[in-house]
Amino acid sequence: MSYRLRIAHLYPEQMNIYGDRGNIITLQQRCAWRGIETEIVPVGVGLQLDWASVDLAFFGGGQDSGQALIADDFLNNHGSALRDAINNDLVMLTICGGYQMLGHYFLTHTGEKLPGIGALDLYTVGGTVRLIGNTVVEFEGSSASVKLVGFENHSGRTYLGSGVRSLGRVLVGAGNNGEDGSGGAIYRNTFGCYMHGSLLPKNPQFADHLISLALQRRYGPQVTLAPLHDELELAAQRTMIERLMNARN
Ligand code: GLN
């Protein structure tokens with residue numbers, strides 16, 4: 001059986017900071033190593049998209065000014081269809097600015113209120129002090145918990161409503177808001193967090209979690225992923241997490 005995944009990359013021109021495109025490269029490469037074909041669809045301002053044809057979507061981070069440039073198009077061109085797709089278990093990864101735009105709104109630190117599409121029950125308020133640094137979040141969404149490492153740089157403080165749950169507990173760094181210990185959000189198969197890095201090359205288990213979910217949604221629950229030689233990736237991940245956890249004590 002040959003598999004194929006259609007991957008939408010939202011606003012790669014305006015929303016691509018701190019190497020977020022590495023997430024797309026990782027998804028593509030980890031699929032290619034297993035003989036899974038991928039098609040990457042860059043979704044720029046004005047592009048129409050049939051969201052039912054998409055298997056996996058990625059929306060990276062951006063400056064407040066980048067978010068302001070795409071906010072209208074995102075809400076009016078994609079809001080309702082993307083909300084439907086998410087409710088229909090579309091697999092989606094959103095980072096930082098992209099994560100914020102899936103919520104109800106982002107009130108920037110200069111007082112501009114950018115509407116989100118309200119697919120995730122959360123809102124974000126910009127602060128004057130940016131939250132910057134390496135971060136570790138204990139991801140509790142798959143069968144075994146796994147520590148994820150990333151790098152955060154945001155002014156926005158995100159507060160979760162009752163319709164989403166946290167991606168995990170923040171062990172190092174600020175996470176959603178630096179106050180309540182929550183890091184990121186999960187709703188159905190959609191994931192959001194403040195972890196640049198890029199996230200997926202640093203955390204291959206999470207990349208495979210997303211690929212598995214997308215394949216199972218398209219081809220059925222029996223699909224499993226062949227393991228890859230991740231010794232180097234996992235050693236790098238382990239080393240960084242140990243270093244950050246030790247520095248914390
Ligand atoms: N502009 C948003 C903030 O500062 C998102 C930043 C980002 O994507 N890194 O909160």
Checklist outcome for this item: Taking r as the C-beta separation of Val41 and Ala144 and R0 as 35 Å, the FRET efficiency to the nearest 0.05 is 0.60
Next on the checklist: Under 8 Å for C-alpha pairs, at least 6 residues apart: give me the relative contact order for the chain, rounded to a whole percent.
Outcome noted: 19 percent
Item to check | Signed unit charges on C-beta, dipole axis of the chain, positive-most listed residue Phe139, His154, Asn189 | outcome: Phe139
Item to check | segment 35-171: relative contact order as a whole-number percent, Cα under 8 Å and 6+ apart | outcome: 19 percent
Next on the checklist: What distance in nm separates the two pseudo spin-label positions at Ala68 and Asp84, each 7 Å out from Cα along the beta-carbon direction?
Outcome noted: 3.3 nm
Item to check | Under 5 Å, built H, 5+ apart or other chain: amide partners of Val43 | outcome: His9, Leu10, Tyr11
Next on the checklist: Need one number: % antiparallel among DSSP beta bridges in the chain, to the nearest 5.
Outcome noted: 55 percent
Checklist outcome for this item: Residue-ordered couplings for segment 220-226, obtained by feeding phi - 60° into the Karplus form 6.51 cos²θ - 1.76 cosθ + 1.60 and rounding to whole Hz (Gly and Pro as x), are x, x, 6, 5, 10, 9, 5
Checklist entry - Measuring with a 1.4 Å probe in the full set of protein chains, what accessible area per residue, in whole Å², belongs to the chain? => result 43 Å²
Checklist outcome for this item: Karplus ³J(HN,Hα) for segment 232-237 (6.51 cos²θ - 1.76 cosθ + 1.60, θ = phi - 60°; Hz, whole; x = Gly/Pro) runs 5, 4, 6, 5, 5, 4
Checklist entry - Short version: ³J(HN,Hα) in whole Hz for each residue of segment 63-79, in order, from phi by Karplus 6.51 cos²θ - 1.76 cosθ + 1.60 (θ = phi - 60°), x for Gly and Pro, what are they? => result 5, 3, 5, x, 5, 5, 5, 9, 4, 5, 4, 5, 5, 7, 8, 10, x
Checklist entry - Rounded, prolate or oblate: which fits segment 49-108 when a ≥ b ≥ c are the square roots of the eigenvalues of the alpha-carbon gyration tensor, with rounded for a/c under 1.5 and prolate only if a/b beats b/c? => result prolate
Next on the checklist: Could you report the accessible area of Leu160 in Å², rounded to 10, computed with a 1.4 Å probe on the protein chains as they sit in the structure?
Outcome noted: 50 Å²
Checklist outcome for this item: segment 1-46 and segment 56-131 have their Cα centres apart by a whole-number Å value of 19 Å
Checklist entry - Roughly how big is the chain's charge dipole about its Cα centre, with Cβ charges of +1 (Lys, Arg) and -1 (Asp, Glu), in debye to the nearest 20? => result 380 debye
Checklist entry - Long-range amide H contacts for Val164: which residues qualify at under 5 Å (H placed 1.01 Å from N, peptide plane, sequence gap of 5 or more or a different chain)? => result Asp121
Next on the checklist: For Asp230, project a label point 7 Å along Cα to C-beta. Then give me every residue of segment 185-204 with its amide nitrogen under 12 Å of that point.
Outcome noted: 200-204
Next on the checklist: Going by amide H atoms built from the backbone, whose H comes under 5 Å of the H on Leu5, apart from near neighbours?
Outcome noted: Glu37, Thr38, Glu39
Checklist entry - Taking 0.36 nm per residue of separation and subtracting the Cα-Cα distance, what length does fully extending Gln222 through Leu107 add? => result 37.1 nm
Item to check | Segments 32-42, 74-84, 56-66 sorted - mean Cβ within 10 Å per residue, highest first | outcome: 56-66, 74-84, 32-42
Checklist entry - If packing is taken as the mean number of other Cβ atoms within 10 Å per residue, what is the order of 46-52, 169-175, highest first? => result 169-175, 46-52
Item to check | Spin-label model distance (nm) - Tyr159 vs Ser53, 7 Å beyond Cα toward Cβ | outcome: 4.1 nm
Item to check | Share of Cα-Cα pairs in segment 50-198 lying beyond 21 Å, as whole percent | outcome: 37 percent
Checklist outcome for this item: Taking a crude spin-label model, label points 7 Å out from Cα along the C-beta direction, the Gln29 to Met245 distance in nm is 2.6 nm
Checklist entry - Of the accessible area of the chain, with the probe set at 1.4 angstrom, what percent is carbon plus sulfur? => result 50 percent
Next on the checklist: I need to check one value: relative contact order of segment 1-109, counting alpha carbon pairs closer than 8 Å and at least 6 residues apart, in percent.
Outcome noted: 34 percent
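The values are calculated or read from the model by the stated rules, or taken from the named source; none is laboratory data. Please read these numbers as outputs of a predicted model, since none were measured by experiment. A quick note on method: Cβ atoms are made from the backbone with ideal geometry, for glycine too, and the neighbour counts reach across all protein chains shown. In case anyone asks, the SASA skips ligands and DNA or RNA and just uses the protein heavy atoms, side chains included. Shrake-Rupley method; radii C 1.70, N 1.55, O 1.52, S 1.80 Å.
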